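The values are calculated or read from the model by the stated rules, or taken from the named source; none is laboratory data. All values reported here derive from a predicted model rather than from experimental measurement. All Cβ positions, glycine included, derive from the backbone under ideal geometry; neighbour counts span all protein chains shown.
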Amino acid sequence: MKNQLINYTLHLADNSLILGHRNSEWTGHGPILEQDIAISNIALDLIGQARNFYQYAAKLINESTDQPATEDTLAYLRDANDFKNFLLVEQPNGDWAKTILRQFLFSAYQFYLYQQLNNSNDETLFAIAEKSLKEVVYHLRWSSEWVIRLGDGTEESRTRMLKAIDDLWMFTEEMFEPFSYEKIAASEKYGVDVSLLKNGWMKKVRDVFDEATLSIPKNVLMQKGGKEGNHTEHLEHLLNEMQFLQRTYPNSEW
Amino acid sequence: MKMINDQTISTKEIWKLLENVNDPEVPVLSVIDLGIVRDVKITDDEIEIIITPTYSGCPAMDVISMNIKMILLEHGFKKIKITSILSPAWTTDWMSEHGKEKLKAFGIAPPTTKQQVCHTELFHEEEAIQCPHCNSYNTKLVSQFGSTACKALYVCENCKEPFDYFKCH
């Protein structure tokens, strides 16, 4: 049971870390100063949430194995196929429209996930969810408003948003198909049955898309595998950069 | 009252001492004003300070922990334990009235009560935030995200000055 709790916690951590890292790639490159600050703030929140989950995972690992772990070893020394994040969050930033849409699809998911995780019988997961939910409300509102601005904006912004939907929609189904550790987490009541989040999520996305004069695509061939460690090539590239320092100069600190 | 390191100390005195530890990002506020010190426990040979972060990614927490330790060490306490907890989640409602006054004097609009912001309504009309410089309510939100995780960017339409708003949480 402990093993599955560790996997579940790592899955939650990896999603936040990888999207947080992607967002941080915008720092200093945002379209305007205020939005550069906004996306960097969201990156900071997500990496903070990831740290809380990794610290908990490390504690559980240290209690049950003799292979010592810390939040840093979990973030910096695992290989791509050990990461359990969604394919969605590892996708490259592309343009501002793609970054915004990725954030919106994920924040809407996190909003419903953390609401439900507020019923967790695990004290730490409950506490992290309670704390994080307040932050996600801001992320969801910010990204929703941007989806509307771009979708219902100029011809160029709309074209870019349509392209973003084309590029990303195929990764959405994965969020709601429970993998083995999620099924156990839900049945042991420390985790969430993600299949039950889909209706609320879809309604939220539909409302924002309607306002943005966008439509939900039909008959898309869905891609999945991230939760079980089968990633797109993009994660490998991301990790190469993110883990470079610890891989090249092990245990370095500053 | 407890004897610790040959001194007699009450938790009340520790709370008083912590009023001298400032938030490194908003130095006008002490950790007490901010409401992030949740409890002080004194056992036979140890002082435990229980703190909670404002935001999950708040980069100031390590510095705050160190500064708390420093001030207690300076006052002769040797065994100090800092424990960070997440639940109940920090809220701007825990900020002291005194702290809110200091924020305003410093040029940062203090948080209003929390109910007004924590929802997902889009393009929602916020309750008017008062300009800390000229006291006008004719102000406009520029961005929900500011120079630190806990602040939003506003501009005053009256005196034309931009200002930070310590946002509700």
Filtered residues of region A:36-74 (kept if under 21 Å from residue B:84 (Cα atoms), within 14 Å of chain B (Cβ to nearest Cβ) and of a type in the set (A, V, I, L, M, F, W, C)): A:44, A:46, A:47, A:50, A:53
Given B:100, B:69, B:104, which one is modelled with pLDDT of 95 or more, assigned to a helix (DSSP H, G or I) and under 19 Å from the mean Cα position of the chain (by Cα)? B:69
Look at residue B:88 and say whether it is more than 17 Å from residue B:146 (Cβ to Cβ), part of a loop (DSSP other than H, G, I, E, B), out of contact with any strand residue (DSSP E or B) (no Cβ under 8 Å at 6 or more places or on another chain) and within 13 Å of chain A (Cβ to nearest Cβ). yes
Search result, residues across region A:22-34 that are touching a residue at least 60 places away in the same chain (Cβ under 8 Å), in a helix (DSSP H, G or I) and of a type outside the set (Lys, Arg): A:23
Restricting attention to region A:157-165, does a residue exist that is over 24 Å from residue A:223 (Cβ atoms), free of Cβ contacts under 8 Å to residues at least 24 places away in the same chain and not basic (Lys, Arg)? no
Do we have residue A:242 as of a type in the set (A, V, I, L, M, F, W, C) and either buried (at least 16 other Cβ atoms within 10 Å of the Cβ) or farther than 22 Å from residue A:118 by Cα (or both) here? yes
Suppose we keep only residues that are crowded, with 16+ Cβ neighbours inside 10 Å and of a type in the set (Lys, Arg) within region A:189-215. Which one would you say is farthest from the other protein chains (Cβ to nearest Cβ)? A:198
Selection count where residues are within 15 Å of residue B:110 (Cα to Cα) and surrounded by fewer than 18 Cβ atoms within 10 Å (Cβ to Cβ), scope region B:26-49: 2
Would you confirm, using the coordinates I've provided, whether residue A:129 is over 21 Å from residue A:90 (Cβ atoms), within 14 Å of chain B (Cβ to nearest Cβ) and either among the hydroxyl-bearing types (Ser, Thr, Tyr) or assigned to a helix (DSSP H, G or I) (or both)? yes
Does residue A:105 count as more than 14 Å from chain B (Cβ to nearest Cβ), at negative phi, crowded, with 21+ Cβ neighbours inside 10 Å and assigned to a helix (DSSP H, G or I)? yes
When the residues of region B:10-52 are narrowed to those that are part of a strand (DSSP E or B) and β-branched (Val, Ile, Thr), which ends up nearest to the chain's Cα centre (by Cα)? B:37
Residue A:119 - would you say it is of a type outside the set (A, V, I, L, M, F, W, C), surrounded by fewer than 21 Cβ atoms within 10 Å (Cβ to Cβ) and within 17 Å of the chain's Cα centre (by Cα)? no
When the residues of region B:140-169 are filtered to those that are outside any loop (DSSP other than H, G, I, E, B) and at the interface with chain A (Cβ under 7 Å from one of its Cβ atoms), which remaining residue is surrounded by the fewest Cβ atoms within 10 Å (Cβ to Cβ)? B:142
Pairs please, first residue from region A:195-206 and more than 14 Å from residue A:115 (Cα to Cα) and among the small types (Gly, Ala, Ser), second anywhere and surrounded by 14 or more Cβ atoms within 10 Å (Cβ to Cβ) and modelled with pLDDT of 95 or more, Cβ atoms under 8 Å, 6+ apart in sequence or on different chains. A:195/A:176; A:195/A:178
Any idea how many residues of region B:35-85 are more than 13 Å from every other protein chain (Cβ to nearest Cβ), touching a residue at least 40 places away in the same chain (Cβ under 8 Å) and hydrophobic (A, V, I, L, M, F, W, C)? 7
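Go through B:83, B:52 for me and flag whichever is among the polar types (S, T, N, Q), in contact with a strand residue (DSSP E or B) (Cβ under 9 Å, 6 or more places away or on another chain), closer than 27 Å to residue B:167 by Cα and surrounded by fewer than 15 Cβ atoms within 10 Å (Cβ to Cβ).
Step by step, each of B:83, B:52 is checked, and only B:83 is among the polar types (S, T, N, Q), in contact with a strand residue (DSSP E or B) (Cβ under 9 Å, 6 or more places away or on another chain), closer than 27 Å to residue B:167 by Cα and surrounded by fewer than 15 Cβ atoms within 10 Å (Cβ to Cβ).
With respect to residue A:19, determine if the residue is buried (at least 19 other Cβ atoms within 10 Å of the Cβ), free of Cβ contacts under 8 Å to residues at least 40 places away in the same chain and within 14 Å of chain B (Cβ to nearest Cβ).
no
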Given the residues B:100, B:69, B:104, B:78, which is the only one that is out of contact with any helix residue (DSSP H, G or I) (no Cβ under 6 Å at 6 or more places or on another chain) and within 15 Å of residue B:15 (Cα to Cα)? B:69
Just to be sure I understand the filter: pairs with C-beta atoms under 8 Å, separated by 6 or more residues or on different chains, first member in region A:234-249 and touching a residue at least 24 places away in the same chain (Cβ under 8 Å) and outside any helix (DSSP H, G or I), second member hydroxyl-bearing (Ser, Thr, Tyr) and surrounded by 15 or more Cβ atoms within 10 Å (Cβ to Cβ). Which pairs pass? A:243/A:76
